[in-house]
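Values quoted throughout were computed directly from the atomic coordinates according to the rules given, and no laboratory measurement underlies them. Treat the numbers as computed from the prediction; the structure is a model and nothing was measured. Here the Cβ positions follow ideal geometry from the backbone for every residue, glycine too, while neighbour counts run over all protein chains shown.
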Amino acid sequence: MIDKEFDIIIFGATSFVGQIMTRHIKEKFNNSSLNWAVAGRSKEKLKKLSKDIGLYEIKTIIADANDESALKALCARTKIVVSTVGPYALYGSTLVKICAETGTDYCDLTGEPQWIKKMQETYRKTAIDSGARIVHCCGFDSIPSDLGVHFLQNHALKTMSENCNRINMRVVKMKGGASGGTIASAINMIKEATKDTKLRKELKNPYSLCPPNHGFKSRQNSVKVSYDKEHKSWITPFIMAAINSRVVHRSNSLKANSYGLNFIYEEAVLTGRGNSGKWKARFTAIGINVFMVFLSIAIIRWLLENYILPKPGQGPSEYDQINGEYDLIFSGKTPSGQEIKCRVTGDRDPGYGSTAKMLTQAALCLAKDIPNDIKGGFWTPSTIMGDKLIKRLVKHAGLRFEIIKT
Ligand SMILES: NC(=O)c1ccc[n+]([C@@H]2O[C@H](COP(=O)([O-])OP(=O)(O)OC[C@H]3O[C@@H](n4cnc5c(N)ncnc54)[C@H](OP(=O)(O)O)[C@@H]3O)[C@@H](O)[C@H]2O)c1
C-alpha cells in the first residue's frame, strides 16, 4: 500500500458531532504519532474551529461534498476518510464513490438504511476491486448493538458451545438528546419514503441490508407495548431498532450465517413496572407514531423544522453530553435452551459525546489494527473490527462490555 500523508481526515469537522470528535482527537493525540487533518466545505468555519480548539499544527482541507475532484485530491492524501457530512442520503454519495474507486477506507455515522443499500448496490464491486473498506453506522447506531451481539455470541460459543438463535436487547437507561443533523436525516428519510412506495416496502424488510441471497426467513416481529417477564417491566419500541437490527442481520450474513438462518433479534426500551411503566410505554409509542405522522405531512414538517426542532449545527449542551449515559442488556437463548446475558454501557450522551468517541476509535481501529490484506467491500463494525474495536472502546471511549448473571 502506498504511504499516505495522513492516517485520518475528518470530513465534516465543523458539524455538531465533527466538532466534538475533533476536540476529542486533539486532546488525545496532541503531539503524538497520529497524522490527521480536518476537512469541510467552509474555509471560514474551519478557520474558526481551528482557532476555538487550537488546531494550529493541524492541516485543513476545503472540499464540497459534491466536488468530485476535490474529494479525489482529499482521498489521495489519506488512508481513511471519516465523514460526518449528513444527511448522508443528500450529501454522502460522491465521497463513497470516490473512496470505492480510489481504494480509500471510509467510515461514517449514517443511520439511513435506504442510502446504505443504494451505496452497497452501486459501489460494492468497485470497493472489492479497489480494496476500499467501507464501514457505515459507526456511532450509537449501530456499534453498541452490533458489537453487543458479537460479544454475547462469542461468549455463548466459548462457554456453551453454541450460538444464540434469539437475542433481545433492552434499553435500561438512555440519557441524551438529538441534534439538528440527526433530525434532518430522519426528515429526509420520511420525505423520500412518502414519495416512493418501493422504498416504503424496503424499509419494512428487516433483511434489507443483507446480500440478496441471504436465505433468512424468520419473521422478525416488530415490538409492541407489552410486559417483558424476564425484566419484570413494560416495554415500548426503540426508535433506533430499525437501523440497528438491519446492521446486526447484515453482520450475521457476512459471518456466513453463524448466528443461524433462523436468528431472531429484537430491541425495545424498558419503561418500568406497574401502571406507570405501562402508561410510559403507551405514551412513548403513541409519541413516536404521532411524530412520524407529523413528519410525513409537509406543512407540519415545515413548521417543526423551522420553529421547533433543532437545526443543523445545533445539539445537546456540553452539560447534557457529559451527564448523559446509556445502559443496554442483551439476553440470548440458544437452540438447546441455554441462556446468557451481557451488558453494554457507555459514559456521555449516546448520540454525540459517546458517538464521537466511538467513531474516533472505529477510524483508528481501521487505520491501525486492521491488516491491509483484509479485503475491500461494505463491512459492518463487528465483521471487520470485532474484538479489536471492543478493546479500544473499553480502553479509550468509556464503554463497558460484561457478561452478567442470568
Ligand atoms: N449514528 C449515530 O449514532 C449518529 C449520531 C449523531 C449524528 N449522526 C449523523 O451524523 C450526521 C452529522 O450530524 P450532526 O448533527 O453533526 O450534523 P450537522 O451539525 O447538521 O452537520 C452537517 C455537516 O455537513 C456539512 N455539509 C453539508 N453540506 C455539505 C456539502 N455540500 N459539502 C460539505 N459539507 C457539507 C456541514 O458543513 P458546514 O459546517 O459547513 O455547515 C456540516 O459540517 C447526520 O447525518 C446525523 O444523522 C449519527
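Compared with the dominant principal axis of the Cα atoms in the chain, helix 113-130 is inclined by about 50°.
Cβ crowding within 10 Å, taken as a proxy for footprinting-reagent exposure, orders R348, R77, R392 from fewest neighbours to most as R77, R392, R348. Helical runs assigned H by DSSP (4 residues or longer) give the chain a calculated mean residue ellipticity at 222 nm of -13500 deg cm²/dmol, each run adding -39500 (n - 2.57) before division by the residue total. Bridging of K175 to lysines at a Cα separation below 23 Å is possible for K224, K232, K278, K280, K311, K341, K357, K395, once same-chain residues fewer than 8 apart are set aside. Here the gap between E5 and K375, fully extended at 0.36 nm per residue and compared with their Cα-Cα distance, gives a gain of 131.0 nm. Pairs of lysine residues in the stretch 44-142 that meet both criteria, 8 or more places apart or on different chains and Cα atoms under 12 Å apart, total 4. Site pair E27 and L157 shows an inter-label distance of 3.6 nm when each label is modelled 7 Å from Cα along Cα→Cβ. A Gaussian network model of the chain, with springs between Cα atoms under 10 Å, assigns the largest mean-square fluctuation among M169, M21, M160 to M160. Listing D52, D373 from fewest to most neighbouring C-beta atoms within 10 Å gives D373, D52.
Percent antiparallel among DSSP beta bridges with both residues in the chain, to the nearest 5?
Details: 31 of 60 bridges.
Of all bridge pairs located within the chain, approximately 50 percent are antiparallel.
DSSP beta bridges confined to the stretch 173-325 are antiparallel in about 100 percent of cases. Between K201, K79, K368, the residue with the greatest mean-square fluctuation in the GNM of the chain (Cα pairs under 10 Å linked by springs) is K201.
Between D67 and I297, the simple spin-label model (points 7 angstrom out along Cα→Cβ) gives 4.2 nm. For the chain, the longest principal axis of the Cα atoms and the long axis of helix 180-195 meet at an angle of about 70 degrees. Specify the residue with the greatest mean-square fluctuation among L203, L359, L95, computed from a Gaussian network of the chain linking alpha-carbon atoms under 10 Å apart. Answer for the Gaussian network model of the chain: L203.
By the beta-carbon count within 10 Å of each Cβ, the least crowded to most crowded order of Y227, Y326, Y207, fewest first, is Y227, Y207, Y326. In this simple spin-label model, placing a label point 7 Å from the Cα along the Cα-to-Cβ direction at both N262 and I288 gives a separation of 2.7 nm.
Here the 3J(HN,Hα) profile of the stretch 330-347, calculated from phi with Karplus coefficients 6.51, -1.76 and 1.60 at θ = phi - 60°, is 10, 10, x, 10, 8, x, 8, x, 6, 10, 8, 9, 9, 10, 10, 10, x, 8 Hz, Gly and Pro shown as x. Based on alpha-carbon centroids, what's the gap between the stretch 349-406 and the stretch 16-95 in Å, whole number please? Their Cα centres are 20 Å away from one another. The Cβ shell under 15 Å around L152 holds other residues with a net charge of +1, Lys and Arg each +1, Asp and Glu each -1.
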